[in-house]
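Everything below concerns the one structure shown next.
The values are calculated or read from the model by the stated rules, or taken from the named source; none is laboratory data. Being a predicted model, the structure only gives us computed values, none of them experimental. Glycine also receives a Cβ, built like all others from the backbone with ideal geometry; neighbour counts cover every protein chain displayed.
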Amino acid sequence: MRYAAFLRAINVGKHNRITMAALRELCDGAGLRDVSTYLQTGNVLFEFDGDAEAAAQTIEAALTAHGLRNAPAVVRSLPELDDLLTAGKFDGFPRESFTRFVTLFRRPLPAEVSAGAGMVHVVAVREREILSAVSVDRASGVEVNGALSKAVKLDGTTRYWHVAEEVTRLLSG
C-alpha cells in the first residue's frame, strides 16, 4: 500500500534536525520501500505492507533510535488522501485572500469540534482532519497547529493545503 507520513516537530528550531537524505535512509532501513520525501518538513512517501498505525510506529521507532524525540508520525494511505482532497472544499476562503491548511490527527477528533481557534477559521472537520484558513494578512502571525491542537486537546501536525495536494499527486505517481 502507498502511504504518506507527515512528521511533526522535525527540522524546526534546534532540535530534531535531520536531512531528508538521512530520513529516507532511516525509513528504508526500517523496512519501508520506495521511500521519497517532499520538502524539508518531514513528508515521507513510501510503500508498506502493514496498516497505517504499524507504519507510524515503525517510523517513530526509527526516529527515536536515531535520537529524534517527540516527533510523532501521522500516516495516511493514498485512498485516504484522495478522499481528503475531494472533500477539501474551501468555499468562501479564496486562495488570494486566505492561507489554507490541513491539520492531520492520528486519532479521531472529539465529536464536539466545530468552531475556530482565535484567528483560525475552521472550514471543515473530518474524523481525523481539520481544514482551516487564515487571512493572508494574519497568516505569518498565527501558529495554526498549536491553536487547533490545543482547542481539540490532541496533538496534530499541520501542512499547507497545497503541500497536501502535492504529496497526494506525488504519491499517485
Practice task
Scan segment 125-151 and report the pairs whose first residue is free of Cβ contacts under 8 Å to residues at least 60 places away in the same chain and at negative phi and whose second residue is of a type in the set (Lys, Arg) and assigned to a strand (DSSP E or B), with Cβ atoms within less than 6 Å and a gap of 6+ or a chain change.
Solution key: 133/100
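Yes or no, residue by residue, for (1) at pLDDT 95 or above; (2) buried (at least 16 other Cβ atoms within 10 Å of the Cβ); (3) assigned to a strand (DSSP E or B):
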site	(1), (2), (3)
83	yes, no, no
140	no, no, no
147	no, yes, no
151	no, yes, no
163	yes, yes, no
166	yes, no, no
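Looking for whichever is in contact with a strand residue (DSSP E or B) (Cβ under 9 Å, 6 or more places away or on another chain), surrounded by 15 or more Cβ atoms within 10 Å (Cβ to Cβ), assigned by TED's automatic domain parsing to the domain that holds residue 148 and among the small types (Gly, Ala, Ser) here; the options are 92, 88. Which one fits? Reasoning before the result, please.
Values: 92 fails: surrounded by 15 or more Cβ atoms within 10 Å (Cβ to Cβ).
Going through 92, 88 in turn, just one is in contact with a strand residue (DSSP E or B) (Cβ under 9 Å, 6 or more places away or on another chain), surrounded by 15 or more Cβ atoms within 10 Å (Cβ to Cβ), assigned by TED's automatic domain parsing to the domain that holds residue 148 and among the small types (Gly, Ala, Ser): 88.
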Fill in the blank from the handout: residue 73 vs (1) in contact with a Leu (Cβ under 6 Å, 6 or more places away or on another chain); (2) among the hydrophobic types (A, V, I, L, M, F, W, C); (3) outside the structural domain of residue 23 (by TED's automatic domain parsing): all pass except (3)
Problem - Matching residues in segment 1-41 - criterion: being without any contact (Cβ under 8 Å) to a residue 60 or more places away in the chain and at positive phi - result: 11, 13, 16, 31, 34
Completion exercise
Considering segment 34-46, residues that are within 15 Å of residue 74 (Cα to Cα) and in contact with a Lys or Arg (Cβ under 7 Å, 6 or more places away or on another chain), and then whichever is surrounded by the fewest Cβ atoms within 10 Å (Cβ to Cβ), we arrive at 37
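Could you say which residue among 71, 111 is assigned to a loop (DSSP other than H, G, I, E, B) and touching a helix residue (DSSP H, G or I) at 6+ places or on another chain (Cβ under 8 Å)?
Values: 111 fails: touching a helix residue (DSSP H, G or I) at 6+ places or on another chain (Cβ under 8 Å).
On inspection, the qualifying residue turns out to be 71.
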Handout entry: segment 3-33, residues that are outside any helix (DSSP H, G or I), surrounded by fewer than 19 Cβ atoms within 10 Å (Cβ to Cβ) and among the basic types (Lys, Arg)
Key = 14, 17, 33
Handout entry: Evaluation of residue 128 against (1) modelled with pLDDT of 90 or more; (2) over 21 Å from residue 7 (Cα atoms) (one fails), failing number
Key = (2)
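Based on this model, can you work out whether residue 20 counts as among the aliphatic types (A, V, I, L, M), farther than 30 Å from residue 135 by Cα, at pLDDT below 95 and in contact with a Ser or Thr (Cβ under 9 Å, 6 or more places away or on another chain)? Walk me through it before giving the result.
On the way: among the aliphatic types (A, V, I, L, M): yes; farther than 30 Å from residue 135 by Cα: yes; at pLDDT below 95: yes; in contact with a Ser or Thr (Cβ under 9 Å, 6 or more places away or on another chain): yes.
So residue 20 passes the test.
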